[in-house]
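Scroll down for the structure; my scribbles are underneath it.
Throughout, read-outs are computed from the coordinates displayed, never taken from laboratory work. None of these values were measured; they are calculated from a predicted model. Note: ideal-geometry Cβ built from the backbone for every residue, glycine included; neighbour counts use all protein chains shown.
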Amino acid sequence: MSRKNFGAKPLSFPQPVLIIATYDENGVPNAMNAAWGGIRDYKEISISLGEHKTNENLKKTGAFTVSMATEDTVVACDYVGLVSAGKEPDKFAKAGFHATKSAFVNAPLIDELPMALECTVKSFEDGLLVGEIVNVSADESVLTDGRIDPKKLRPIAFDPCNNTYVGLGETVGVAFSDGNQLK
């Protein structure tokens, strides 16, 4: 095997495209695109954030939702990553998003994104947001036999090497099972 070195870069596959939604001090919904985050523990998610309007909202409300960007919503999800709510106050509406207040946390669910983690802020220091997952909700349209079906959800991942979004492929194995062949 011959390897090429790329240096120290944030290259990992897949990188989920996470859409963080918060309310501002006036109850106006806001959304931003974050690619550097993931599940940290059984009931925790961590997301690396720079300076955003979302940061102010998180400090004021102590809550947020994290939706999975989907193949059907690429344009809107990319838009909320390109434009700051500090400069475009109607960013949420301009993306074509509609909000429904979470029943579990003081944050909006984005109607157009069918799956969301509903979270409270556990800590937020040095740009690292750690949220406690209070609930996971999913629209019936992405369920099969009562479980979230990735083929119906159609989440996208960020490809940091090519600055593209990619869909997920086919199932290639069964977790906590296939490795039993080597026992």
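What to note about this one:
- Built from the Cα atoms of the chain, the convex hull projects on average onto 13.1 nm², one quarter of its surface area.
- Tally of Lys pairs whose C-alpha atoms are under 13 Å apart, taken over the chain, 8 or more apart or cross-chain: 4
- Residue among A107, A99, A69 with the largest mean-square fluctuation in a Gaussian network model of the chain, springs linking Cα atoms under 10 Å: A99
- Net charge, A107 excluded, C-beta distance under 10 Å - Lys, Arg +1, Asp, Glu -1: 0
- The trypsin sites (Lys or Arg not before Pro) of segment 57-118 that meet both conditions, a loop assignment by DSSP and at most 16 other Cβ atoms within 10 Å of the site Cβ, are K87.
- Length gained when the stretch S177-N162 is fully extended (0.36 nm per residue, less Cα-Cα span): 2.1 nm
- For T70, neighbours were defined as the other residues whose beta-carbon sits under 13 Å from its Cβ, and their charges (Lys and Arg +1, Asp and Glu -1) total -4.
- Assigned charges on the beta-carbon of Lys, Arg, Asp, Glu; the chain dipole about Cα centre (debye): 500
- Alpha-carbon centroids, segment 34-59 and segment 158-180: separation in whole Å: 22
- Selection of GluC sites (Glu not before Pro), segment 1-105, meeting DSSP coil and at most 13 other Cβ within 10 Å: E25, E51
- Residues L109, L182, L11, sorted so that the one with the fewest Cβ neighbours within 10 Å comes first: L182, L11, L109
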